[in-house]
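See below for the structure under consideration.
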Amino acid sequence: MESLGSIILYVIVALSIIVFSILAVTTRRILRAATYLLFVLFATAAVYFMIGYQFLGAMQIAVYAGGILVLFVFAILLTSKPGKQAEQLTAHRRHLGLLAAVAGVAACGFALVTFNRFCGLAMPEATPLDMEKIGTMLLGTGKYQYLLPFEAVSVLLLACIIGGIVVARRDKDNDKK
Amino acid sequence: MFGCGVYGFITRKNMIAILISLELMLNAVDINFAVFNRYLFPGQFEGMIFTIFAIAIAAAETALAIAIIVNIYRVAKNIDIRDLNKMKF
């Protein structure tokens, strides 16, 4: 059975995810929203570590917290004036957003409740998950092995790099002016 | 968390805020993949592999979206979606 400490840790992590994600979408300053997003990403990595997927947690920190957040901060600083606050939302928009959010939460909760198998289930015994197994799963060609998606993702990343360069490149005509 | 993402996606005006909300939603789905995999099928790792691919694709998509946003800002000096009602043609 799980110890009391891990339950307390889980509660702390879950609460911080909820609170920071609410703050991230409700704060008026865009840079603060990015900071709250960083906290949410760290808490997500903590969840991965807690359920025993260390590789996933490390990848979450490296890719999201290390890469994407830096991109966000750069883009924010490039495109908006510091200290500028977003203007007040119209009530209509806010109600529409709240309605969609509550509908989504209700649908997820309904699915969880009706799926009886999940209720009251203890955490199964952790199977050791070593890097060798992940590597063979990612690079094997047999059943339940994922070489083809792996290569597809690599091609996608290449296309993304080239596309990013093409999109963000300055036109030569504009340079001359 | 997913609900927060949906709320932000609909209500925000700034494009980068919308992108942040999108990241929140993707993270919620990733957590779901990993946790359900861990609890229901502890012997297999398909959920984890899916999460890995989702993270990689999210990184690619974010980089491209930010490139587009910076380019739009350069043209229009503005990234509020309500004001961007004009394209090139």
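Summary table below
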read-out: Length gained when the stretch A:L148-A:L77 is fully extended (0.36 nm per residue, less Cα-Cα span); value: 21.8 nm
read-out: A:V70/A:V102 FRET efficiency (R0 41 Å; Cβ-Cβ; nearest 0.05); value: 0.75
read-out: Peptide-level mean, for A:94-106, of C-beta atoms on other protein chains within 10 Å; value: 5
read-out: Mean projected area (nm²) of the alpha-carbon convex hull when the range A:1-83 is viewed from all directions; value: 5.8 nm²
read-out: Cβ-based exposure ranking for A:S21, A:S154, A:S3, in which fewest neighbours within 10 Å come first; value: A:S3, A:S154, A:S21
read-out: Two-site label geometry, A:V167 and A:T136: point separation in nm, points 7 Å out along Cα→Cβ; value: 4.0 nm
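Rule-based calculations on the coordinates, nothing more; no lab input. Model, not experiment: these values are computed from the prediction. A quick note on method: Cβ atoms are made from the backbone with ideal geometry, for glycine too, and the neighbour counts reach across all protein chains shown.
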